[in-house]
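FYI, it's all coordinate maths here, none of it is from the lab. What you are looking at is a predicted structure, and each value in this text was computed from that prediction instead of being measured. Cβ placement follows ideal geometry from the backbone for every residue including glycine, while neighbour counts extend to all protein chains displayed.
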Ligand code: BES
Ligand code: MN
Ligand code: ZN
């Protein structure tokens, strides 16, 4: 019965419910004010417009509270005009803060996302669920902040909190709707990734994950192939299949194709472990529930494809998602067992909890046949990455300086940043210098666990191919420390991936 979770959830519709479930008719508006030297405050263009519409009520009320609204803080005023019962005015700090080189951050954009979240939270907590946002001079970013902060995962809770309806304030003379639309695609895709990642593992098995993807991507010009165990056996994906041996759920290998250009395909690969118990190398009980999100990489690449297709970007994309459960049982792979990957390499499964790299290995080998423009894999791969970076950024390993530059730029723009780590032979040696097999899935050395994991993947990357590996264990959630992302699995770094692809295609 629980297997019907998919029907219970109506996932994609649920993820869109903020368009239909507002219970209150009260309307709210979110506006911004800058601080400016020599003056108590400076209105944004939209706030300027609203001040006129409200016959100067806005400025009057801001002055009544002293005029100085700190960055990220909101004041709520009531009854300024007849359309909006309440107006949240958010402090934006200094105008045009610009790009911060050491923070690797577009500070103006991040300010806007945080401001939208602050206004949204202020109004929502007062029972206003129909909220209009101004653009803050950047409608795309305003849409991101408002749509990300107004959605939270509520799963199978019987009485759900109403989620706000979110709109852009149209200001005469400003053409901002199409930018708002772009931002909302990015945010909604990330929300979809959040939904997939946070859903409990009994309701998000490999099979259910595929059903969700089919539902979410239909009508988007995407070919969907759901390969089964037999298909993987015939291709010799012994590494991928070894991980699922302890599970009662069938493994799936999802292959999605988006064709909208004359070009080699960009290949995205996502780690899809719908639950990682560790296998026979069982994980400790504390926080093991977080491993429902061990398909965060899979969620991000699917969500990215959804956005790319919705934006109709001129690109070719292949998305490969190996899906398994990593469980202990009488049929599970045992530590020390040796398996053979699709490229013929033999792997000693020294620790069954280092399973992500085992499923990615076969996906990387499989991608060779598409002659990729580049390959990018995303994985909640190592606890060591959480230790290294916390939830500040995703760790990146790549053989291409140019692609890293683009990815870093994308991260600075979205606020969902990346940071580079080494892919040195030093680490490769640690996993390959053995007598009885080709590769060990954990290696000899202590420390540098994220780097040995990346070195392991490198053994399976097609030759002479640009490749990026992103370790997202630190940023996956359940508390990713971002003001505009309510607690829960984060869907990071979906927007960075979308932006990374967008930066490489014809506008
Ligand atoms: N999915 C985990 C990594 C992880 C841990 C992600 C915590 C998010 C939070 C991965 O499969 C794993 O178990 N990695 C092991 C590797 C080790 C056995 C070499 C780890 O990091 O402990
Ligand atoms: Mn594991
Ligand atoms: Zn895992």
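Quick look at the numbers
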| read-out | value |
| --- | --- |
| Shape call, the stretch 302-347: gyration tensor on alpha carbons, a/c limit 1.5 | oblate |
| Beta bridges by DSSP in the chain, antiparallel share as percent, to the nearest 5 | 45 |
| Degrees between helix 449-458 axis and first principal axis of the chain (Cα, 0 to 90, nearest 10) | 70 |
| With Cα atoms, 0 to 90° folded angle of helix 296-310 axis to the chain main axis | 60 |
| By average C-beta atoms within 10 angstrom, highest first, the peptides 265-277, 470-482 | 265-277, 470-482 |
| Three-way shape call for the stretch 159-287 based on the alpha-carbon gyration tensor, with the a/c threshold at 1.5 | oblate |
| Residue exposure sequence - 489, 342, 295 - by fewest surrounding Cβ within 10 Å | 342, 489, 295 |
| Part-to-part distance (alpha-carbon centres) for the stretch 60-81 and the stretch 132-163, which is given in Å | 22 |
| Relative contact order of the chain, defined on C-alpha pairs under 8 angstrom at six or more residues apart (%) | 15 |
| Euclidean distance of C-alpha centroids, the stretch 357-409 and the stretch 206-272, integer Å | 18 |
| Rounded to whole Å, sorted largest first: equivalent-ellipsoid semi-axes of the stretch 356-438, Cα gyration tensor | 25, 18, 13 |
| Helix-only mean residue ellipticity at 222 nm for the chain, each DSSP H run of n ≥ 4 adding -39500 (n - 2.57), per residue, nearest 500 | -10500 deg cm²/dmol |
| Relative contact order of the stretch 2-175, pairs being alpha-carbon contacts under 8 Å that are 6 or more residues apart, as % | 29 |
| Where the Cα pairs of the chain fall when distances are cut into 10 Å bins, in % | 4, 20, 29, 23, 14, 7, 3, 0, 0 |
| Alpha carbon Rg of the stretch 49-142, scaled by the compact-globule rule 2.2 N^0.38 Å | 1.13 |
| 5 Å binning of all Cα-Cα separations within the stretch 202-251, expressed as whole percents from 0 upward | 4, 18, 24, 21, 17, 12, 4, 0 |
| Cβ crowding within 10 Å averaged over residues, with 71-77, 235-241, 44-50, 215-221 ranked highest first | 235-241, 44-50, 71-77, 215-221 |
| Extension reserve of the residue 371-residue 483 stretch, reckoned as 0.36 nm per residue once the Cα distance is removed | 36.3 nm |
| The stretch 364-507 - Rg (one decimal) and Dmax (whole number), Cα, Å | 15.8, 52 |
| Cα shape, the stretch 286-391, gyration tensor, a/c 1.5 rule | oblate |
| Alpha carbon convex hull of the stretch 219-281, projected area averaged over orientations, nm² | 6.0 |
| Degrees, to the nearest 10: 206-217 long Cα axis against longest axis of the chain | 40 |
| Convex hull of the stretch 2-175 built on C-alpha atoms - directionally averaged projected area, nm² | 12.2 |
